[in-house]
Structures are given as structure tokens and as C-alpha cells.
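What follows is one structure encoded as C-alpha cells, with my remarks underneath.
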Amino acid sequence: MQLENAIKERRSIRRFLDKKPDWRKIIRAIDLARFAPAAGNMFAAKFILIKDPERIKKLANASQQDFIKDAHYVVVVVSDDEKLKKSYNERGERYARQQAGAAIQNFLLALVDQGLVTCWVGHFDDEQVRGALGIPEDIFVEALFPIGKETKALAQSGEKSKPDLENVIYFDKWKNKLMEPETRLASEGS
Ligand SMILES: Cc1cc2nc3c(=O)[nH]c(=O)nc-3n(C[C@H](O)[C@H](O)[C@H](O)COP(=O)(O)O)c2cc1C
């Protein structure tokens, strides 16, 4: 799949086919996440692949989001910030969040590329997630990703609106929307 297609086709899906996805595809997506940029090349994220239905139920409860129960697999992304904090002090924490996001986007695009779907779940009770998976206090829980296969009906459902290009770009200084010399910008597909 072309990169641009994968970027545009990625959507948050909260209903999954009953059919189990091939776990090898999930491992491949985790493998590709490792290639994301990382401050000082200190990759701090870990990916926990959960297949135990009891633990998945606990994660659904911890997030108060029922659709998670229907996933055969959930990946929980966590970060060990210690080395980054040692090298960059308070800034290390910022770097840890940013590079986890970069790794996660690689992961999401690699899932799309292999025909799998997921939804980024950021709302959860940290302590309950830690408890369900035995994650220690000093490890930061980034997000949960219930993974499945998409039904054809859902795949054909409408696109989500995204901000227009002209609303996300400034030139030379804050809030300056004009490019010199003046050039008209058009979002692709608009
Ligand atoms: C940091 C973050 C946290 C999110 N948390 C949740 C969540 O807890 N539950 C949920 O259903 N979706 C969650 N989402 C998914 C967003 O709702 C979704 O990305 C947004 O509506 C745009 O839709 P799209 O992903 O289909 O483009 C989260 C997304 C991000 C990036």
C-alpha cells in the first residue's frame, strides 16, 4: 500500500469482526514502530500484546469503554522514561511523550497496511491498567489499542472530516496565513 493511502485510510474503528486477526501482523506492526525517531536514539516505548480475554475485560473496565471487550487482541503502549530524564532532565518527559506518539503512528500505519483496524484509547484509569498487567509505578502508560478486523459495511462508511490545510499552516510567524509571494493553497481532495 502507498504511504499516502495508508495515512488517509487510517480511521478509529470501534467495532470488530468476530474473526481473530493474525497475531503475526501485530508483531510486524510493533517491529515497524521501532524505526520511529527517538531523542538521543533512546527508544523508550514497550508494546504489551494482550490476548488473555480476562485481562482484556479488565482493560475495558479500566477505560470504561465496552467495545474493547470485543477485541481479540489489545496492545498497551508504555514508556520507560528513566534514561531520557537522566539525559535531558525535565525535557526528557516531553521527549518521551513525543517519541511514543511517533512510534505509535508507525504502528497504526503498519496495521492499516496489513488490513487491521484499531482505535487509539487514551482515556483510562492508569492504576487499573497497571494492576491488570503488572506494570510498575515508574512506567508511563501511553495508550491502549484494541485490534481487530473491520467489517465490509464499516469499511465503506463515510470519511471523517479533517482540518483544511489552510487552517493548520502559518508562514514565517505565528498566525500569518499569507505566503510571500501570495500563493493559493488547496487541501488535497477539497
Ligand atoms: C491521544 C488520543 C486519545 C484518544 N482517546 C480515545 C478514547 O479514549 N476512546 C476513543 O474511542 N477514541 C479515542 N481517540 C480516538 C479519537 O477519537 C479519533 O482519533 C478522532 O475522533 C479522529 O478520528 P480518526 O482517528 O478516525 O481519524 C483518541 C485519540 C487520540 C490521538
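Leu144: surrounded by fewer than 14 Cβ atoms within 10 Å (Cβ to Cβ) and aliphatic (A, V, I, L, M), yes or no?
Judged against the criteria, Leu144 is not a match.
Here is a list of conditions, (1) part of a helix (DSSP H, G or I); (2) under 17 Å from Lys46 (Cβ atoms), and Arg94 meets all of them except one; can you say which number that is?
(2)
Whether any residue in the range 127-138 is within 16 Å of the ligand (Cβ to nearest atom), in contact with a strand residue (DSSP E or B) (Cβ under 6 Å, 6 or more places away or on another chain) and under 24 Å from Ile26 (Cα atoms) is what I want to check.
Looking through the range 127-138, at least one residue is within 16 Å of the ligand (Cβ to nearest atom), in contact with a strand residue (DSSP E or B) (Cβ under 6 Å, 6 or more places away or on another chain) and under 24 Å from Ile26 (Cα atoms).
Filter the range 9-29 down to the residues that are without any contact (Cβ under 8 Å) to a residue 40 or more places away in the chain and of a type in the set (Lys, Arg) and list them by number.
Arg24 - this is the single residue of the range 9-29 that is without any contact (Cβ under 8 Å) to a residue 40 or more places away in the chain and of a type in the set (Lys, Arg).
For the condition at pLDDT 95 or above and part of a loop (DSSP other than H, G, I, E, B), what is the one hit in Pro163, Pro146, Pro181?
Details: Pro146 fails: part of a loop (DSSP other than H, G, I, E, B); Pro181 fails: at pLDDT 95 or above.
Residue meeting the stated conditions: Pro163.
Which count do you get for residues in the range 103-126 that are more than 12 Å from the ligand (Cβ to nearest atom), under 26 Å from Gln64 (Cα atoms) and either outside any helix (DSSP H, G or I) or small (Gly, Ala, Ser) (or both)?
Result for the range 103-126: 2.
I'm trying to understand the selection: among the residues of the range 12-27, which are crowded, with 16+ Cβ neighbours inside 10 Å and charged (D, E, K, R)?
Of everything in the range 12-27, those that are crowded, with 16+ Cβ neighbours inside 10 Å and charged (D, E, K, R) turn out to be Arg14, Lys25.
I'd like the full set of residues that are hydrophobic (A, V, I, L, M, F, W, C) and either surrounded by fewer than 17 Cβ atoms within 10 Å (Cβ to Cβ) or away from the ligand (no atom under 16 Å from the Cβ) (or both), limited to the range 49-78. Before the answer, list the steps.
First, the residues of the range 49-78 that are hydrophobic (A, V, I, L, M, F, W, C): 49-50, 56, 59-60, 62, 67-68, 71, 74-78.
Leu49, Ile50, Phe67, listed by residue number.
Just wondering, is there one or more residues in the range 89-104 that are touching a Gly at 6+ places or on another chain (Cβ under 9 Å), in contact (Cβ under 8 Å) with a residue 24 or more places away in the chain and surrounded by fewer than 19 Cβ atoms within 10 Å (Cβ to Cβ)?
There is no residue in the range 89-104 that is touching a Gly at 6+ places or on another chain (Cβ under 9 Å), in contact (Cβ under 8 Å) with a residue 24 or more places away in the chain and surrounded by fewer than 19 Cβ atoms within 10 Å (Cβ to Cβ).
Which numbered condition trips up Val75, out of (1) over 15 Å from the mean Cα position of the chain (by Cα); (2) not in a helix (DSSP H, G or I)?
Tallying (1) over 15 Å from the mean Cα position of the chain (by Cα); (2) not in a helix (DSSP H, G or I), Val75 fails exactly one: (1).
What number of residues within the range 5-48 satisfy the criterion of being out of contact with any Asp or Glu (no Cβ under 6 Å at 6 or more places or on another chain) and either within 15 Å of the ligand (Cβ to nearest atom) or assigned to a loop (DSSP other than H, G, I, E, B) (or both)?
The number of residues fulfilling the criteria is 23.
The values are calculated or read from the model by the stated rules, or taken from the named source; none is laboratory data. All of these numbers come straight from a predicted model, not from anything done at the bench. All Cβ positions, glycine included, derive from the backbone under ideal geometry; neighbour counts span all protein chains shown.
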